Every structure is written in C-alpha cells, then in structure tokens.
Amino acid sequence: MNLFSYGILNDLLAKMKSFPLLSSFKTILIFHNLMLMLLLAGTITTGSGNCNSMVAPALLNWKTTLNDKSRKLLQSWVGPDPCNNWTGIACNNKSFVISINLDRFRLRGTLDHFNISSLTSLQSLNLSNNQLTGPIPFRLGELCSLESLDLSSNRFNGRIPPSLGNLTRLHYLSLHDNALFGLVPTELGGPNSGLVDLRLSANHLTGPIPSSFENFTRIERLHLHTNYLTGSILSKLGNPETLIDLSLYYNRLTGLIPSSLGNYSKLVTLYLHQNQLSGSIPPALGKIKTLVDLALSVNNLTGSFPEELNNLTGKLETLWLASNKLTGRLPARICDRGSLRIFSANNNSFSGMLPSTIRNCSRLLRLRIDGNQITGNVSDAFGVYDDLEYVDLSYNKLYGKVSNNWARCRSLMALKMSNNNFSGVIPDNLGDSDQLQEIDLASNLLTGEIPISLGRLNSLIYLFLHDNRLRGSIPREFGKLLNLGTLNLAKNALTGAIPSEIGDCSRLRILNFSGNYLRDVIPIKLMRLAELQVLDLADNSIIGGLPLEFGKLKRLETLNISHNNLTGSIPSTFIDLSSLITIDISYNELEGRVPNIHIFQLAPFEAIENNKGLCGDIIGISECRLNKKHNSKNTMALRILIIVPTMCFLFVMITGILFIRLSKEKKIEPQESVNISPFAIWSYDGKMVYESIIEAVENFNSNHIIGFGGCGTVYGAELPTGEVVAVKKFNMLEDDELLNVKSFENEIRALTEIRHLNIVKLYGFCSHPRHMFLVYEFINGGTLRTILNDVEKAIEFNWFKRVHAIKGVADALSYMHHDCLQPIIHRDLSSSNILFDLEYIPHLSDFGTAKFLKAGSSNWTSFAGTYGYCAPGMKLKPM
C-alpha cells in the first residue's frame, strides 16, 4: 500500500468519528481492515498489470529479430497491450496472456532473444510448422503454468533441454521434425510428469529409451520414431491402463519384442517396424483386443505367426509383417470379421495354402504376399473388393486362372501376379478396370492372345506380360495408351509386325519386344518416342535397314537389335545418341563403317560380331579401305605436310624442356625424399603423373571403366603410391570436339574455384593431343542412380540416409548459388551425378554444363543437362 492510499484511509477514519454508529473502536477496526484489504487488492491488481505489461516489450523485441516477411505477418503486434487484437495471442478475463499460437506462419528466426521469463501466465505455446532455427531455450523450463508446448516442424537443433522436465503441468509436448540430437533427457519421464502426449519423432536423437519412461502415469501417446535410438524396448513404457499409441519405428532398436506389451489393454497403435528386432512375435500380443494397427515389418523376426494373434481379427485393420524371416503358414483367420484393410506379409518364407478367409476381406485396401512360397489353386480364392487398390501375389507357387473378379475391383490400380504358375488366358474384362496403372503377369504360363481391350486402360503406366506363351499379334490399340511408360512383351510367341501406332505412346521409356517371332521392318514412327531409354527388339525376324531417324532418340541408354535380319549400314545419326550406354547389333546382315563413337569403342566384340561386312577402328573387325580414287602421291604429300612440321615442333619443345630442367637442377639443392601424394607436385612434374595414370588404366582399357557421361568415360586408376583416383576421359570426336572442349574447360573452371564437403574434388587435368582428361578424388559408394536401382542397396539407403543426402546436396547447391564470388548454376543435377562414399555422404559431380552468372544483371540459359532431370521453368528464365 502506497502513502497516497494510506492518507485516504486516515481521512476516512477521521470522518467516521462524526457518525455515532461508527464511533466504537471495534467498528472502526473492522472498517479499517476491510479498506486495507480493498487497497491491497488494488495494489495486487496493479502489480499484476505491471507484470503483464512486460509481455508486450518481450514479444515486440522478439519480433524485431525475425526477418522482414515474418514481421509483416505480425504487423498487428503494436501498442502496449498484447490482448488488444494481437495476431495469435489469447488472454484470459484478467488480461493475462495465456496462449501464443503462431502455427504455419512461416516465421524465420530464432528464440535466442525471446524473453521467456516474462510469460509467467502462459499455458500454451505453439510455434509449429515454421522455419525457426537455433537451440530450444533452456529457460522454457521456467514457464511453470505451461500445459502445451508445440515446436514441431521447424529447424531447431542442439539438445532437448532437460529443464522441460520441470514443467509438471505440461501434458502435451511436441518437438518432432526438427534437427535435435543427443540423448532423450531422463528428466522428461517419471511419476511427477503430467505428460499425456509426447512426440519427439523425426530428429537425430541417439542412445536408449530412458528408463524413467517406465514411470509415466498418464501417458497416452508416445512417438519416438524416425530417430537413431538404440538398445532394447523397455519392458514397461508408462501406464498399461492409459497408453493407446506407441510409435518406435525407423530406429536401430535391437533385442526381443517384450511380451509385457500384451498387458497394454487399451493399445490401438503399435508401430515397431524398420528396426533390428529379433526373436519371435510374442503370442501375448493376442491379448490386446483394442489393437487396430500392428506394424512389425523390416526387422529380423523369426518363427511362425502365433495362433493367439488370430484373436485380433475383431478390430485389426492393418497388419505389417513384411521383410522378416517368418515361416509357417499365413494367419488362418486373418479376415474372420472382415475388418482388415492392409495386409503385408511379403519377403518372408511363408508357405502352405492361402487362407480361405481372405475372400471375406470386404474392406481390403492393400494386399501383399509376394516373395514367399505360398502354394495352391487361387482361381476362386479372391472375391470382389470395392476399396482394393493394390495387390501383389508375385514370386510364389500359386496356380490356376487369372480371376475375372479382379476386373470388378473398381478401385484397383496395381495387379501384380508375376513369377507364379498361372495358366489360361488374360481376362478380356480386365480392360474395364479404368483405374489400373500397373499390370504385371510376367513369368507365368499364360496362353492365348493379348486382349485388345487393354488398349482402353487410359491410366496404364506399366504393362509386363513377358515370359509367357502368348501368341498372335501386338494390338494396335496399344497406341492409345498415352500414359504408358513401360511395355514388356518379351519371350512370348508373338507374330506379325511391330505396330507403328506404338510411336504414339509419347511417354514410353522402356520398350521390350525381344524373343518373339516379329517380322517386317522397324517402324520409323518409333523414332518419335523422345522419352525412350531402353529399346530391345532382339531375337526376332525383323528385316530392312536401320532408320536414319534413330538419332532422334536422344535419351536412349540401351539398344539391343541383335539376332535379326537387319541389312544396310549403321546410320551416321548414331553419333547423336549421346545417352547410349549399352548396345548390341550382333547377328545381323549389317555392313559398312561403324561410327567412331565411344559406345562402339567400348562395346565388347560380341556386341558387333556376326554381321555381313562391318569395318572401322574397332578391335575385332577389319579396317575400312581407303577410296581407290585417292592418288597415292597426294596421300604421300599430305603425310609429309603433317609429319615434318610436327617433328620440328616436337624438337623445339624437347630442347626447351631440357634447357629448363638443366637450369633448375643447378639452382635446387637436393632434398630428402618424402612420401607425398603425386598431386601435391602436379604442377611441377605433370609428366610423371600423366604417365602413372596412363599406366594405371592400361592406356584406357575398358576393364577399368567405372562409369559413363555425356561427354566421356570414367575410369578407376590405382597409382603406384596406392592412391585411387577417378579419371574422366573426354571423347575426341570431330563433330563434338568444340562442345567437349567447352565442357572440359567448364569443369576445370568450376572445380578450381570451389571447395565444399559435398562437391567432388578436382586433383588435376591433362590436355594432350591424344588424351583430354580430368582427375578427381575417387568416390567409392556408387551413384544415387545405381543405389536406387539395386534392391538391397535401396533398402540399406534408408530414410535417415536419404534425408542426410538431400541436405548435403542442398548445402552444395546453396554454396554454389550464394557463397561463390560468381554464382554457379549446375544445370545437370541428376541421379547419375550424385556420388556417395561408403558413409553415404553425397558429392555433386559433372560440372560440364555449369553456368557462371554475372552479378547484378539478368542471366539467361538455354536447355542443358540430362533429359528428364531439368528443373521446371529452366528455359528462358531470368536468374
């Protein structure tokens, strides 16, 4: 109470003495106390107002640390009162700030300058789905009134503050989808914690699950997935009477699945997939009658599926068992009550018959049992499923007919039944499934003709019918499949001509008609398939010559036209097939000169043999004879004109080099030899390095090839020092010489001006009349393309490694765009140009098409790079 208030009280007491009713001392004392309480209440309210008034400066000061766009989004934050219509601010009836909700405001900044201590009344703080960085403030643990804290989907890094364990009123904590690392604080758990919902997923957290988590008394949802957690799963994770959602997938957890999880009677979701768990599936899980989602896939689980888990059929909607080592039979009563929607048991060793109850799965959405040893006649095993979108029965021992019921599944997008023993014909009504995007019936015993009704499947992208016993002609109606990307009809008994209408399938990338009895010529219209990457017409009876328009297939990587009756010469337009990696033209009647391009230079003789009369500078075939009209005297004169000046030049150059070396030998004192990398003296003795490289690759022998590029070939070279390098040799072609020299110079300029962890290092280069090559560090983990195309490597290249790879490439591009004196645009970012070392650290390579931008002015670029990978809007876009 201040002096002013005290003076008012004394004046009131003096006036009271003039009133008889208030003249007694007791009455005066009671009145005095009442007034004192009122004044004190006023003082408290005033004091609270002063405390609340500190909130506005704290928020306004934090606002100034954000970027310009963020400040504009918070333009309503003005004045001294946050409760006066400030965006995202909520107050109670006493004008205290109790909630800050800035979800999805795209704010950029940190919390470093956020005066958290002023928010003593705050009950809810939601800054999720922004772009905030830096550490999470330790002082958040001082907000003792906080009940909900959501900082998810930002870029916070550092460790989780243990001080958050002091927030005993906190019931919701979400820090998922950030870059937090380190151990999970044990302080977050324990009997005094009020946490009901804890979400720490999608970070970089390591170590075991804290043992204190056993003591959670109120926990309902516990999300720790997509981290690097190790160790075993605790036998107890909170209160078995409250936990309903447990997500531990995408970690490195080991050991057994605890049988004690069967005591969690209210558990609805149990996600343990993508770990390293071993042992058998605990039968005790069958006691959880409430379970709706059970995911155990991609672990090392063994044994059979417990009979007790058939008790879960009442509510179970998703069951994931894929990619384990499970044996025995599939769950017999998997669809007793028809609740199952997703069943995935692929890539195990299940055997026996398909469960009869599968026909009752009326709500089935996705079914995968591929990669097992399941047997039996399944002609009538499947019903009609209105919601079914994906079914894969491939790689089993199933037999019978392809059911007509599949066409009645109106939502079906993928039907995969390859590598079984299905027989009979392909159902004609399959062409009525207008949602189908993939049909794979390959490697069966199917007979009859290919239904022309399949030409009505406008959504079809993949069609695999190879390795069957199909006969008849290829339907011309396939030309209407404008979304078709892959068409494989190989190894059948198809006859007739290749329909020219196939040339209308503008998105076709893979076309394989090999191993049939096709006749007639190669339709010129096929040369309109600008997206085509693989063309295989081998082992047929195709006649005629190769169309001159072959050069239009700019993206073609694999060409196999062997074992046909093709005649004539190889078109000169083959020189335009810059993406070609493998070729086979053997066993035809081709003749004439083989184009002098790298694909033929590198091809084995078996890819060219058994033709009528091919010649050229290729090992295994004869040289082409000179035209007899050339006069021998003119030829001799031409040789003299070339040889004499060259010899004179070499004489002068050698004399100069000897003079320089003799001069240096007089000046340089002898030094003790040391073992250093040859590239440390590249500029001093380039000849030594050059000779070492030529010797290491055996004069660019094909045995040392490790990759191909648009302008050259990449070799692996082990130098005498034991150091391994990558050598990119540029093609020396007359027509492309200027282009290749430009690419050669571009790479040198780019890689000598930049240094970054995620950009391949250039050790040196050589511009020689015979060889033009660059020498890089050797990255031994393969390209992104090779990893993704290898099933085992793709599985090993998991979510965490992919996220790190994306970050690495993004860092490299950001460095090139923003941290170089002259910004560099790569212009050919493709899966073939991203290399990995054994730790899956990405390295950006191939800067042949890179462009240097001029600061302060408009920059334009025409198309460059690999087709299919160019960035949208790349053409004619000012930078």
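The values are calculated or read from the model by the stated rules, or taken from the named source; none is laboratory data. Here the structure is a predicted model, which is why all the values come from computation and not from measurement. Reconstructed Cβ throughout: ideal geometry from the backbone, glycine too, with neighbour counts over all protein chains shown.
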**Report entry** Boolean, N483 is buried (at least 18 other Cβ atoms within 10 Å of the Cβ), in a loop (DSSP other than H, G, I, E, B) and free of Cβ contacts under 8 Å to residues at least 60 places away in the same chain
**Finding:** no
**Report entry** Matching residues, segment 814-823, being modelled with pLDDT of 80 or more and either among the hydrophobic types (A, V, I, L, M, F, W, C) or under 22 Å from the mean Cα position of the chain (by Cα) (or both)
**Finding:** S814
Requested in this report: Output the residues belonging to segment 790-834 that are hydroxyl-bearing (S, T, Y) and surrounded by 13 or more Cβ atoms within 10 Å (Cβ to Cβ).
Outcome: Y815, S830, S831, S832
**Report entry** Which listed residue is over 29 Å from L590 (Cα atoms), in contact with a Lys or Arg (Cβ under 6 Å, 6 or more places away or on another chain) and of a type outside the set (A, V, I, L, M), from G455, G503
**Finding:** G455
Report summary line: Within segment 513-522, residues crowded, with 19+ Cβ neighbours inside 10 Å, in a loop (DSSP other than H, G, I, E, B) and on the phi < 0 side of the Ramachandran plot come out as F513, S514, N516, I522
Report summary line: Here the residues within segment 549-590 that are among the aliphatic types (A, V, I, L, M), over 39 Å from the mean Cα position of the chain (by Cα) and not in a strand (DSSP E or B) are I570
Query raised in the report: Being farther than 23 Å from E549 by Cβ, small (G, A, S) and either in a loop (DSSP other than H, G, I, E, B) or modelled with pLDDT of 95 or more (or both), is that true of even one residue in segment 494-512?
Result: no
Report task. Could you give me the residue pairs with C-beta distances under 6 Å whose first residue belongs to segment 135-155 and is assigned by TED's automatic domain parsing to the domain that holds F114, whose second residue is among the aromatic types (F, W, Y) and crowded, with 18+ Cβ neighbours inside 10 Å wherever it lies, and which are 6+ apart or on separate chains? Result -> I136/F156; S148/Y172
Requested in this report: Please go through segment 233-259 and pick out each residue that is buried (at least 18 other Cβ atoms within 10 Å of the Cβ), part of a loop (DSSP other than H, G, I, E, B) and under 25 Å from the mean Cα position of the chain (by Cα).
Outcome: L248, Y249, Y250, N251, L253
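Across segment 303-353, what is the total count of residues that are part of a helix (DSSP H, G or I) and surrounded by 15 or more Cβ atoms within 10 Å (Cβ to Cβ)?
Qualifying residue count for the region: 6.
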Query raised in the report: How many residues are on the phi > 0 side of the Ramachandran plot, assigned to a loop (DSSP other than H, G, I, E, B) and buried (at least 17 other Cβ atoms within 10 Å of the Cβ) when one looks only at segment 96-115?
Result: 0
Query raised in the report: Are any of the residues in segment 422-440 under 28 Å from L580 (Cβ atoms) and touching a residue at least 24 places away in the same chain (Cβ under 8 Å)?
Result: yes
Requested in this report: Would you mention how many residues in segment 552-572 are closer than 24 Å to V714 by Cα and buried (at least 16 other Cβ atoms within 10 Å of the Cβ)?
Outcome: 7
Query raised in the report: When the residues of segment 449-466 are filtered to those that are of a type outside the set (F, W, Y) and assigned to a strand (DSSP E or B), which remaining residue is surrounded by the fewest Cβ atoms within 10 Å (Cβ to Cβ)?
Result: E449
Query raised in the report: Is there a residue in segment 45-65 that is surrounded by 11 or more Cβ atoms within 10 Å (Cβ to Cβ), modelled with pLDDT of 90 or more and part of a loop (DSSP other than H, G, I, E, B)?
Result: yes
Query raised in the report: So which residues in segment 762-789 are within 17 Å of P842 (Cβ to Cβ) and without any contact (Cβ under 8 Å) to a residue 12 or more places away in the chain?
Result: T786, N789
**Report entry** Tally of residues being buried (at least 18 other Cβ atoms within 10 Å of the Cβ) and not hydroxyl-bearing (S, T, Y) across segment 577-606
**Finding:** 14
Query raised in the report: Restricting the first residue to segment 526-540 and requiring it to be free of Cβ contacts under 8 Å to residues at least 60 places away in the same chain, which pairs with a second residue that is outside any loop (DSSP other than H, G, I, E, B) and hydrophobic (A, V, I, L, M, F, W, C) meet a Cβ separation below 6 Å and a spacing of at least six or different chains?
Result: V534/I510; L535/L511; L535/L559; N540/L518
